[in-house]
Structures are given as structure tokens and as C-alpha cells.
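To start, the structure under review is shown below, and the notes come after it.
The values are calculated or read from the model by the stated rules, or taken from the named source; none is laboratory data. Keep in mind the model is a prediction, meaning the values are calculated, not measured. Neighbour counts are summed over all protein chains in view; Cβ atoms, including those assigned to glycine, are modelled from backbone coordinates with ideal geometry. In case anyone asks, the SASA skips ligands and DNA or RNA and just uses the protein heavy atoms, side chains included. Shrake-Rupley method; radii C 1.70, N 1.55, O 1.52, S 1.80 Å.
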Amino acid sequence: THKFWETQPVGQFKDIGNASLAEGPIEQPAPLSEVKQEPYNLPNLYEWITCDIDSEETCMEVYNLLTNNYVEDDENMFRFNYSKEFLRWALRPPGYFKSWHIGVCVKSSKKLVAFITGVPARIRVRDDIVTMAEINFLCVHKKLRSKRLAPVMIKEVTRRVHLENIWQAAYTAGVVLPTPISTCQYWHRSLNPKKLIDVGFSRLGARMTMSRTIKLYKLPDSTVTPGFRQMELHDVPAVTRLLRNYLSQFAVAVDLDENDVEHWLLPTENVVDSYLVESPETHEITDFCSFYTLPSTILGNQNYSTLKAAYSYYNVSTKTPLLQLMNDALIVAKRKDYDVFNALDVMQNETFLKELKFGPGDGKLHYYLYNYRLRNPLKPSELGLVLL
Ligand code: YNC
Ligand code: MG
């Protein structure tokens with residue numbers, strides 16, 4: 001049972017498939033004067049802080065909390081290691097609210113012990129474009145787990161989202177909560193198989209030697225698609241048109257305007273990489289691919305401390321086959337020294353995963369909406385949304 005989640009306006013397990021329940025908001029917005037004006041109460045030793053992520057010192061504290069306490073795999077071999085530059089990028093998109101970058105610290109020492117964030121986004125659900133909060137980076141220090149701090153943090157971020165007259169949210173988690181709108185899977189493409197095997201990320205296949213494995217995953221040194229190049233600032237209008245048109249086919253998708261595309265997709269060193277295909281004849285932008293950089297700390301290995309991972313972000317093919325486009329993405333990732341290229345089975349990704357030698361990961365990623373009901377869960381291929 002879910003003592004907290006049962007009290008929240010989210011799809012409940014008992015309602016899955018219930019045709020008499022309408023799709024859309026579960027609760028109507030309240031007048032802003034009825035939104036609680038004071039923060040929720042914390043246990044006595046702790047207090048709320050709003051984190052100024054522009055400040056080098058605060059950004060470092062957030063970085064340290066997450067580096068030591070954020071998401072690990074089931075076997076506790078790896079832990080996400082979001083960089084400070086990445087956190088600044090993830091937390092300051094167009095129209096962001098500082099008040100949604102929420103910390104909990106120890107009153108006496110000011111030490112940061114918990115964190116949760118929201119950023120605004122427009123998400124289209126079927127024909128309905130809804131302004132939502134994307135909630136991410138929920139983290140409680142390992143020493144404060146299982147004390148029901150997480151529900152207080154979720155209620156506090158919800159209150160601050162409501163204060164901006166926003167009533168829906170989107171989030172992903174590895175755990176099952178009431179109720180996923182979709183359940184996706186990560187796939188992994190080895191770029192540096194020897195290191196991945198040495199650190200226990202992958203295993204040598206049956207009847208495989210190390211040298212055969214290295215050969216299997218070998219990639220050419222240069223990309224093959226004519227006109228394949230990095231995205232630049234002047235490409236923003238064309239990329240926005242390409243993406244908007246592509247994303248219109250999915251049941252749930254992000255709604256991006258030019259400002260969003262400039263923020264989320266213009267290349268930022270060690271944070272996000274974007275490439276496109278400019279037709280050598282017409283100079284038309286016909287295809288696009290992107291990935292973000294999220295290393296993991298390798299826990300307890302003598303030889304290696306970090307795994308450099310690229311995560312597939314938004315990809316669009318109109319002229320170049322998606323398979324060839326993504327193979328070029330693998331080639332640039334390999335050239336930039338990534339160890340592994342990860343992709344969810346969202347959008348049209350299933351059409352290239354097996355062929356490009358991605359293998360299925362263990363563990364699922366569940367997508368959720370807050371205060372918005374869908375009658376039935378979606379297939380991953382109906383999702384046009386990637387959260388960081
Ligand atoms: C989770 N990931 O079920 P029930 S993902 C949501 N998302 O409640 P306690 C979660 N809820 O079941 P702990 C959750 N994990 O009794 C647990 N819960 O109803 C629920 N891990 O609280 C859980 N980061 O404080 C239970 O648990 C209740 O001390 C238990 O803290 C949990 O960012 C956590 O995986 C996750 O740091 C903070 O384990 C802690 O264990 C931790 O006793 C490692 O909490 C890092 C980690 C989660 C990454 C993420 C998305 C978060 C979404 C939150 C929900 C947002 C809702 C929308 C709000 C805006 C609405 C508007 C408008
Ligand atoms: Mg707790």
C-alpha cells in the first residue's frame with residue numbers, strides 16, 4: 001500500500017481501464033488565495049532553503065549531495081554523477097522558477113540533506129497542451145531515509161508549483177507508484193566493451209572472447225551521412241520546425257518552441273550534443289539527433305572511477321534512415337570517448353536498438369503524470385518525452 005500516494009490526485013491502480021472515468025485533470029485548479037501560503041512543517045532540526053543554483057557554492061553543495069546520495073543501480077555498483085554544468089542546464093530552462101529549487105538543511109550547521117526540483121514545461125497529452133512542472137532530483141541523504149521526508153518534500157514542491165498557478169506535473173522513477181502512464185526500458189550500446197566488462201557493467205557473452213567482443217562493437221572513425229554536422233544557433237528555427245512536426249505523432253510529447261530548442265538542444269560542452277543533416281544540395285535541414293552526458297560513479301573499483309555515458313535525447317529522421325543517423329551518433333559518441341550509449345525504447349527507438357547492437361538493461365523507468373488521468377497505459381513508442 002501507498003499511504004502517501006493514495007491521498008494524491010494521481011491515477012489509482014483500481015481505476016486502470018475504467019471507461020466511465022474521463023481523461024484529463026483529476027482535480028480542478030483552486031483560487032490562488034486558497035493555496036497554502038506557509039511552507040509545510042519539517043522535523044524540528046531541519047529547515048527549508050531555496051537553492052540559488054547560480055551561486056558556485058550552492059551548486060557545489062547540491063552536486064555533492066547528489067553525487068553521494070542520488071540514484072544507484074539495483075546492485076549498488078554505479079551512482080549517477082550529474083555535473084554542475086548539467087545541473088545548471090537542467091534547472092534553468094526558459095521561464096524557470098528559483099522557488100522550485102528546494103533544499104532541506106540542518107538548522108544548526110546549514111548542511112544540505114535533501115533536495116527536490118521542478119522546472120516548467122509544456123506537455124501535450126493527445127490534443128491538450130498543458131503547462132506542467134517536470135519534477136526531478138528528489139534526493140534524501142542516505143542517513144535520513146525511511147523517515148517519511150520524501151512526502152513532505154513532494155507536498156512542498158506541489159505547493160510552490162500551485163503558487164505559480166500550475167496544477168499538473170510529469171516525472172519518472174525507477175520505482176512503481178500509482179500509476180505509470182507508461183513503463184519503459186533502457187538499452188545500452190557498448191562503445192568501450194573492455195572497460196564495461198572490467199567494471200562489471202556488462203559481461204562477456206557466452207562463447208565470446210574479449211577480442212571478438214571488441215571487434216563486434218567496433219565503429220568507423222568518421223560519420224557516413226553527407227551534410228552531417230553539429231547544430232548551431234542559426235539552426236534553431238529549422239530544428240524547431242523539424243522537431244514539432246515529428247513530435248506531433250506521439251500521444252504524450254513535449255511541446256517545444258524556439259526558446260526551448262535553443263536551451264535544450266543547442267550544444268553545450270559535456271552537457272548536450274546535437275547533430276543534424278543539412279542537405280548538400282538544398283541546404284534543407286532534414287534530420288536531427290542528440291544526446292546528453294550523464295556519467296556514473298563506479299563504486300568500489302580499483303582501476304576506474306567513472307563511466308562516461310551518453311543518453312539518447314530527441315532524434316528525428318525524414319531523409320536519412322534513423323538507423324544510419326543513430327549509427328552516426330554512435331560514431332561521434334565513440335570519438336568523444338564515451339564508454340556507453342544509452343537509449344530508452346520511447347518514440348521510434350525500437351526500430352534501431354537491436355540492429356545497432358544495443359542490449360536490454362535490467363530495471364525499468366516508469367513515467368508519471370500528477371493530476372492528469374489517462375484511461376490506459378501507453379506503449380513506450382507512444383511517448384515523445386525524455387526527462388533528464
Ligand atoms: C520516488 N522516486 O512510495 P507511499 S526520481 C515518488 N518518487 O510513499 P520516505 C517516491 N515517490 O508509497 P525515502 C519515490 N521514492 O507510502 C519513494 N517514494 O505512498 C515514496 N533515493 O518516503 C514512497 N531519487 O521519505 C513512499 O522514503 C514515500 O527516505 C516514502 O526517500 C525517497 O526525482 C527518496 O531514487 C527517493 O534519495 C528521496 O530513497 C530516497 O526512501 C532517495 O520514507 C535515491 O515516498 C535517489 C532517488 C528519486 C529519483 C525523481 C522524481 C520524483 C518525483 C516525485 C513526485 C512528484 C509529484 C509531482 C509534484 C508536483 C505536483 C504539481 C502540480
Ligand atoms: Mg525520509
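Just to be sure I understand: with springs between alpha-carbon atoms less than 10 Å apart, which residue in N68, N342, N301 has the highest mean-square fluctuation in the Gaussian network model of the chain?
N301
Kindly state, as a whole number, the per residue volume in cubic angstrom of the convex hull around the alpha carbon atoms of the range 5-180. Before the final figure, lay out each step's value.
On the way: hull volume 26.1 nm³, N = 176.
Cα convex hull per residue, to the nearest whole number: 148 Å³.
By accessible area of protein heavy atoms, probe 1.4 Å, what ranking do M208, M153 get, highest first?
Details: M208 45, M153 0 Å².
Ranking M208, M153 by accessible area, largest first, yields M208, M153.
Sticking with the crude label model, points 7 Å out along Cα→Cβ, report the distance from L216 to N259 in nm, one decimal please.
4.8
May I ask you to derive the FRET efficiency for E56 and K14 from their Cβ-Cβ distance with R0 = 56 Å, giving the value to the nearest 0.05?
0.70
Once you place label points 7 Å from the Cα toward the Cβ at S33 and V176, how far apart are they in nm?
Rounded to a tenth, the inter-label distance reads 4.6 nm.
For a quick check, take a GNM of the chain with Cα springs below 10 Å and name the residue from P267, P43, P377 with the largest mean-square fluctuation.
The residue with the greatest mean-square fluctuation here is P43.
Give the accessible surface of the chain per residue, rounded to a whole number of Å², with probe radius 1.4 Å and ligands, DNA and RNA excluded. Present the calculation step by step, with values, prior to reporting the outcome.
Values: 18290 Å² over 388 residues.
With the other protein chains kept in place, the chain gives 47 Å² per residue.
Tabulate in residue order the Karplus-calculated ³J(HN,Hα) for the range 307-312, using 6.51 cos²θ - 1.76 cosθ + 1.60 with θ = phi - 60°, rounded to whole Hz; enter x for Gly and Pro.
Whole-Hz 3J(HN,Hα) from phi for the range 307-312: 9, 8, 10, 9, 10, 3.
Using a Gaussian network model of the chain whose springs link C-alpha atoms within less than 10 Å, name the residue from Y314, Y40, Y186 with the highest mean-square fluctuation.
Greatest mean-square fluctuation among the candidates belongs to Y40.
Just from its helices, what would the mean residue ellipticity at 222 nm be for the chain, if runs of 4 or more DSSP H residues each count -39500 (n - 2.57) and the sum is divided by every residue, rounded to the nearest 500 deg cm²/dmol? Walk me through the numbers before you get to the answer.
Values: 9 runs with 87 residues, N = 388.
About -6500 deg cm²/dmol.
Pop a pseudo-label 7 angstrom from the Cα along the beta-carbon direction at both A206 and Q302 and give the gap in nm to one decimal.
Placing both labels 7 Å along Cα→Cβ, they lie 3.1 nm apart.
With a/c under 1.5 counting as rounded, go ahead and sort the range 208-255 into rounded, prolate or oblate using the C-alpha gyration tensor (a ≥ b ≥ c being the square roots of the eigenvalues; past the cut-off, prolate if a/b is larger than b/c, else oblate). Show your work: numbers first, answer last.
On the way: a/c = 4.36, a/b = 1.88, b/c = 2.32.
The shape class here is oblate.
Calculate the tail of P(r) for the chain: the fraction of all Cα-Cα distances greater than 36 Å, expressed in %. Before the final figure, lay out each step's value.
On the way: 18862 of 75078 pairs.
Percentage above 36 Å: 25.
What number in nm² do you get for the range 183-384 if you take the convex hull of its Cα atoms and divide its surface by four? Each step should come with its number before you reach the end.
Values: hull surface 52.2 nm².
Quarter of the Cα hull surface area: 13.0 nm².
Which length gain, in nm to one decimal place, applies between R375 and S248 when the Cα-Cα distance is subtracted from 0.36 nm times their residue separation? Provide the component values of the computation, followed by the final result.
Details: separation 127, 0.36 × 127 = 45.72 nm, distance 2.02 nm.
Taking R375 through S248 to full extension adds about 43.7 nm, to one decimal.
How much length would be gained if the chain were fully extended between H2 and S279, taking 0.36 nm per residue of separation minus their Cα-Cα distance, in nm to one decimal?
On the way: separation 277, 0.36 × 277 = 99.72 nm, distance 5.33 nm.
Separation in residues times 0.36 nm, less the Cα-Cα distance, equals 94.4 nm.
Loop-only GluC sites (Glu not before Pro) in the range 230-327, please: DSSP not H, G, I, E or B, and at most 15 other Cβ atoms within 10 Å. Don't jump to the answer; show the numbers that get you there.
Details: sites: E232, E258, E262, E269, E278, E281, E284; in loops: E232, E269, E281, E284.
When the GluC sites (Glu not before Pro) of the range 230-327 are filtered for loop state and at most 15 Cβ neighbours within 10 Å, E232, E269, E281, E284 remain.
What part of the accessible area of the chain, given as a whole %, is carbon or sulfur when the probe is 1.4 angstrom? Show your work: numbers first, answer last.
On the way: 9100 of 18290 Å².
Ligands and nucleic acids excluded, carbon and sulfur give 50 percent.
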